Amino acid sequence: MKEIAAFEVGIKLGALFHQFTGMPVNLENADIVEKAMKSCILLQPHVIDAEVRIDRTKLLEKLSKFNYCSLEGDMIYARVEVEIEGSRAVGVLEWDSEKKYPLMKLVTE
């Protein structure tokens, strides 16, 4: 079951990333976007906890003259915990500055 839980974590993080990147975001709605992302991931089967944060510093750097930008992978931190039949897995999606890519990984807590 541990492998299935780990697989589910990856699916959840991948879905979160691909569903929400590109959406309009600014400082006024960043909290709402974080809550919406968390709420959506918590609806999925086996998810028992989730956390989503948008990096406000990166958001500020990317704001257009119209006071918004598109949500990008380097702005997102997400943590998801899944439990299936007593087996838990925790995964994190975060920007890897060295690789310049949003990576997902299993973590132990």
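Laboratory data are not the source of any read-out in this text; all were calculated from the coordinates shown. Predicted, not measured: the structure shown is a model, and the values here were computed from it. All Cβ positions, glycine included, derive from the backbone under ideal geometry; neighbour counts span all protein chains shown.
A few notes on this one:
- Taking the chain and dividing mean pair separation by its residue count, relative contact order in percent (alpha carbons under 8 Å, at least six apart): 32 percent
- Helix axis angle, 30-42 relative to the chain longest principal axis, alpha carbon, degrees: 20 degrees
- Loop-located trypsin sites (Lys or Arg not before Pro) across the stretch 21-70 with a Cβ neighbour count of 13 or fewer within 10 Å are 65, with loop assigned by DSSP.
- In degrees, nearest ten, helix 2-20 long axis to first principal axis of the chain (Cα): 20 degrees
- Along principal axes, Cα extents of the chain, largest first, whole Å: 50, 30, 21
- Where chymotrypsin sites (Phe, Trp or Tyr not before Pro) fall in DSSP loop in the stretch 1-30, at most 16 other Cβ within 10 Å: none
- Modelled label positions at residue 11 and residue 77, each set 7 Å beyond Cα in the direction of Cβ, lie 2.8 nm from each other.
- Here is how the number arises for the chain: DSSP H runs of 4 or more residues each give -39500 (n - 2.57), the sum is divided by the residue count, and the result at 222 nm is -11500 deg cm²/dmol.
- Summarising the label geometry, the points placed 7 Å from Cα in the beta-carbon direction at residue 26 and residue 66 lie 1.0 nm from one another.
- Residue-count net charge about residue 61 - beta-carbon cut-off 12 Å; Lys, Arg +1, Asp, Glu -1: 0
- Flagged links, alpha-carbon separation over 25 Å, of 35/58; 2/105; 65/99; 2/58: 65/99; 2/58
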